[in-house]
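Worksheet for the structure shown next.
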Amino acid sequence: MARVFIFHGTGGHPGENWFPWLQDKLKEKGVETIIPQFPTPEGQSLEAWLEVLKEYETQIDANTILIGHSLGCIFLLRLLERRNEPIKAAIFVAAPIGVKPIKNWDGDSAFSGGFQFDWDRIRANAGRFIAYHSDDDPYVGLGNGQELARQLGVELTFIPNSGHFNASAGYTKFDKLFENVEAILNQD
């Protein structure tokens, strides 16, 4: 059975941005969508987030699509480094991966372990990748999306004037993301 997880970012929660909208759209299609609440900003660490995800470990398999937003993208990369079997797809929205400017450089760097990633292992652990980025993100510079797409071997899905793809940028819905997820689900 196909399943989707959405990982929020720093200071985030399951009820923000486009997360509930996407969850509802996928539910209409019969797709279970899980949005875990991670400790943030207090108690925010990779170890703490991995501890929360332990509850869902058995639900992540070859039919799973993982979506990260902002810091949730770093978490997604770290999960892919740790997996022993690939997931269906990994989708990154406004990912900070270590290319300045990053507004929360210190916090993101500490969470990520210094922005060093095992790209070979990451590429081996998902059947498909999508990376979204904008040119006016106030938190994460466009170079992050460009470098992420390069490392993943995909074309960057560039959406101009979309900010950080959050509610303050008008993103309480995300049609393009839904279309992409739906296409991945229909590949079977």
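The values are calculated or read from the model by the stated rules, or taken from the named source; none is laboratory data. Because the structure is predicted, anything quoted here is derived from the model rather than measured. A quick note on method: Cβ atoms are made from the backbone with ideal geometry, for glycine too, and the neighbour counts reach across all protein chains shown.
Looking only at residues that are under 17 Å from Thr157 (Cβ atoms) and in contact with a helix residue (DSSP H, G or I) (Cβ under 7 Å, 6 or more places away or on another chain) in segment 167-180, which one is surrounded by the fewest Cβ atoms within 10 Å (Cβ to Cβ)?
Applying the first criterion (under 17 Å from Thr157 (Cβ atoms)) to segment 167-180 yields 169, 171, 173-180.
Okay, now just the ones that are also in contact with a helix residue (DSSP H, G or I) (Cβ under 7 Å, 6 or more places away or on another chain), so 173-174, 177-178.
Working: Lys173: 14, Phe174: 23, Leu177: 24, Phe178: 16.
Restricting to residues being under 17 Å from Thr157 (Cβ atoms) and in contact with a helix residue (DSSP H, G or I) (Cβ under 7 Å, 6 or more places away or on another chain), the top hit is Lys173.
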Residue, farthest from Leu185 (Cα to Cα), within segment 6-18, restricted to residues that are touching a residue at least 40 places away in the same chain (Cβ under 8 Å) and in contact with a strand residue (DSSP E or B) (Cβ under 8 Å, 6 or more places away or on another chain): Gly12
List the residue pairs whose Cβ atoms are under 8 Å apart, where the first residue sits in segment 129-147 and is under 24 Å from Pro86 (Cβ atoms), the second is charged (D, E, K, R) and assigned to a helix (DSSP H, G or I), and the two are 6 or more positions apart or on different chains. Phe129/Arg123; Tyr132/Lys176
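For segment 68-107, which positions are charged (D, E, K, R) and farther than 17 Å from Leu46 by Cβ? Full working, then the answer.
Taking segment 68-107 as the starting set, the residues that turn out to be charged (D, E, K, R) are 78, 81-83, 85, 88, 100, 103, 106.
Scanning segment 68-107 gives Glu85, Lys88, Lys100, Lys103.
Taking the condition assigned to a strand (DSSP E or B), touching a helix residue (DSSP H, G or I) at 6+ places or on another chain (Cβ under 9 Å) and closer than 28 Å to Pro39 by Cα, does Ala90 pass? Even if it seems obvious, please write down each step before you answer.
On the way: assigned to a strand (DSSP E or B): yes; touching a helix residue (DSSP H, G or I) at 6+ places or on another chain (Cβ under 9 Å): yes; closer than 28 Å to Pro39 by Cα: yes.
Against the criterion (assigned to a strand (DSSP E or B), touching a helix residue (DSSP H, G or I) at 6+ places or on another chain (Cβ under 9 Å) and closer than 28 Å to Pro39 by Cα), Ala90 qualifies.
On the basis of being out of contact with any helix residue (DSSP H, G or I) (no Cβ under 8 Å at 6 or more places or on another chain), in contact (Cβ under 8 Å) with a residue 24 or more places away in the chain and surrounded by 17 or more Cβ atoms within 10 Å (Cβ to Cβ), does Thr64 make the cut?
On the way: out of contact with any helix residue (DSSP H, G or I) (no Cβ under 8 Å at 6 or more places or on another chain): yes; in contact (Cβ under 8 Å) with a residue 24 or more places away in the chain: yes; surrounded by 17 or more Cβ atoms within 10 Å (Cβ to Cβ): yes.
Spelling it out, Thr64 is indeed out of contact with any helix residue (DSSP H, G or I) (no Cβ under 8 Å at 6 or more places or on another chain), in contact (Cβ under 8 Å) with a residue 24 or more places away in the chain and surrounded by 17 or more Cβ atoms within 10 Å (Cβ to Cβ).
Can you go through Ile130, Ile122 and tell me which one is in contact with a Phe, Trp or Tyr (Cβ under 9 Å, 6 or more places away or on another chain), buried (at least 19 other Cβ atoms within 10 Å of the Cβ) and farther than 22 Å from Trp18 by Cβ?
On the way: Ile130 fails: farther than 22 Å from Trp18 by Cβ.
Step by step, each of Ile130, Ile122 is checked, and only Ile122 is in contact with a Phe, Trp or Tyr (Cβ under 9 Å, 6 or more places away or on another chain), buried (at least 19 other Cβ atoms within 10 Å of the Cβ) and farther than 22 Å from Trp18 by Cβ.
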Note: among Ile97, Ile130, just one is on the phi < 0 side of the Ramachandran plot, at pLDDT 95 or above and in a strand (DSSP E or B), namely Ile130
Residue match in segment 86-94 (condition: surrounded by 17 or more Cβ atoms within 10 Å (Cβ to Cβ), touching a residue at least 40 places away in the same chain (Cβ under 8 Å) and out of contact with any strand residue (DSSP E or B) (no Cβ under 9 Å at 6 or more places or on another chain)): no
Are any residues in segment 1-34 more than 16 Å from Asp175 (Cα to Cα), in contact with a Gly (Cβ under 8 Å, 6 or more places away or on another chain) and β-branched (Val, Ile, Thr), and if so, which ones? Thr10
At negative phi and not in a loop (DSSP other than H, G, I, E, B), is that true of Glu81? yes
